[in-house]
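The values are calculated or read from the model by the stated rules, or taken from the named source; none is laboratory data. Note that this is a predicted model, so its numbers are computed, not measured. All Cβ positions, glycine included, derive from the backbone under ideal geometry; neighbour counts span all protein chains shown.
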Amino acid sequence: MTYKYIKNDIEGGNYTACIKRIADLATIPFDEANPDYQEYLKWVAAGNTPAAAD
Amino acid sequence: MALTQVKTNAIADDAVTTDKLANAINTERTANTAKVSLEDNAVTLAKMAGGTDGQIITYDASGDPKAIGPGTAGQVLTSAGAGAEPAFATPAPGVGGAAGLDLNDSTALRLGTDNDLSFYHDGGVGRLYNTTGSIVIRSDDYYFKDSTGNDDIAKFIEDGACELYHNNSKKLETTSTGATVTGSVVADNTPGRNLIMNGAMAINQRVSTAGLSDFNPVTNSLYTLDRWRAGTGSSFDWDSARVKQVADSPDGFSNSLRVDIGNTETPGANQNALIYQKIEGSDLQGLAYGTSSAKTCTLSFWVRSNKTGTYCAQISQHDCGKYVLYEYSISSANTWEKKTITFSGNTSDVIANDNGIGLEIKFHLTSHSNDHVSATTSWTAKPSGGTGSTYLTTSNQVNLWDHADNVWYITGVQLEVGSAASNFEYISYGDELLRCQRYFQRVNGGLTGVGASSTSIRANYIPIVNFRASPTISGNAGVDFNNPGVNSPTQSSFDCGIQFTYNPNNVGITLGLGNYSNATQGYTYIQWSSATEYIDFDAEL
């Protein structure tokens, strides 16, 4: 499972509210009550880094 | 006149000698067969032999007369039936008089011309039967107590209260203005008593799309019918097994969840498979876990399988990692059976009052021996060593994957406070759908947006009910928009995320969507997705 940042194409920079899961293009909010975000945190804790936004 | 009769008194004493008798008489006399006939009524009481005072005469088995008795004072003559002599015997104690009236088991006191009212004890149960009309009992006050007279069961007081007791403790009392209940009231029609959502397996938002009829977890846990998750422990391979919503169900239900096994599998080390539901902690505060008042609950469900044997149901408390584990048996193949499991509340560990996981209700389908433990009715910490699995069964758990044709169904799942299962709480489809939509909503026409650039659109979505938490957003196709008669932006690939942090207590989500062509900044758009295109908002636990 890999992730990448999402770019805000109006203001520039990455969205601060979510990350994209590459496998299904789902956007995962930065909310610790969200189990998908919990999985993302484990992935990051394992030493992984999200890919840059397109 | 000829002399034809001579009376005996006319014969001189000793005048009739043997010489005067006929030879036949002498012959009978010599042979001791001479008979003397008595006239009727010739034997009077005075002519009978004397006996003991109180004796009576009967006949023995040879038919000879026999005196019996006299017995003792108070005895009565009792027949022993044909072929046996009657005898004097002491009657059953206490018949009549000051000693009362005693009747043997199942011998009824019967009242009424047609024996309409009968009252007896059959040796185990006292019975009062009335077959005609009603029974009217008149008294000012009534007291029902246990057999010892120590415990109250009910009291009915003239001009006063009617009281009902449980274990000698008053629970319900009528008053001049109504009634007072001490404790909680649980009734079959008490709304909101079922802590399980979609227990009737009626809601299936995820498979409302044509062409997608079932779920195949393969090696990843996933949600299937609303709120019900197919679980895989340690990447157990469900292989071609499918989870489906089907119409096969017991009477009173319209749907069930079915697991079809397509290929045989044997769970490897630490592997499991199960169907389970996670219940939000804030919905469980009434259980008073972590206090001495922790509530006993009852889990009931209907289950069916061609594979008979022992299955396991596990209730896990997420915050503390403790569980209780019960076995249930499917005893008849291909037959719906209702199972009931009652378990005590956890008095030691609180369920956090938040939007996280409170309890998990797990129905196991297979389990590797590394995750075998003993069944327990006590809240037990999950094993700290080994796998430390939260998926636990006993060693008796069947392997549903041991034959390709195996199937397992479940429906009518209910978790409620109390030590007995009430009838299933039916919830309207619309209400149940709303409850499930706190955790998942599928949208294919709910967005309104404004072009932010030629390639992006900003949109607002107002959930039909607020999500439990900020949802993961995914889709099966690009999200198309339309400004009728003006232009129709199309998305090359799905790209939709939350623009600002979502607050579950506020209404509405602001979304950002990219990857568009033909969008125009400032134009207003409505979502223009076909029936088979959707956006999923997933806020499941």
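Only a single criterion out of (1) farther than 25 Å from B:F236 by Cβ; (2) modelled with pLDDT of 95 or more; (3) not β-branched (V, I, T) is not satisfied by B:L365, namely (1).
Only residues that are surrounded by 11 or more Cβ atoms within 10 Å (Cβ to Cβ), modelled with pLDDT under 85 and of a type outside the set (V, I, T) were counted across region B:70-86, and they come to 3. Of all residues in region B:21-45, those that are assigned to a loop (DSSP other than H, G, I, E, B) and surrounded by 10 or more Cβ atoms within 10 Å (Cβ to Cβ) total 3. Name every residue in region A:24-52 that is facing chain B (nearest Cβ under 10 Å) and of a type in the set (A, V, I, L, M), in order of residue number. Selection gives A:L25, A:A26, A:I28, A:A33. Within region B:366-404, the residues that satisfy the criterion of being small (G, A, S), touching a strand residue (DSSP E or B) at 6+ places or on another chain (Cβ under 9 Å) and touching a residue at least 40 places away in the same chain (Cβ under 8 Å) are B:S367, B:S374, B:A375, B:S378, B:A381, B:S389.
Scan region B:405-436 residue by residue and report those that are without any contact (Cβ under 8 Å) to a residue 40 or more places away in the chain and under 30 Å from B:L513 (Cβ atoms).
From region B:405-436, those without any contact (Cβ under 8 Å) to a residue 40 or more places away in the chain are B:428, B:430-431, B:434; that's our starting set.
Result: B:G430, B:L434.
Looking across region B:484-509, the residues that are among the hydroxyl-bearing types (S, T, Y) and more than 9 Å from chain A (Cβ to nearest Cβ) come down to B:S488, B:T490, B:S492. Restricted to region B:106-212, the set of strands (runs of 3 or more DSSP E) holding at least 1 residues that are among the basic types (K, R) comprises B:109-111, B:126-130, B:141-145, B:152-157, B:169-175. Looking across region B:216-230, the residues that are surrounded by fewer than 23 Cβ atoms within 10 Å (Cβ to Cβ) and assigned to a strand (DSSP E or B) come down to B:L222, B:Y223, B:R229.
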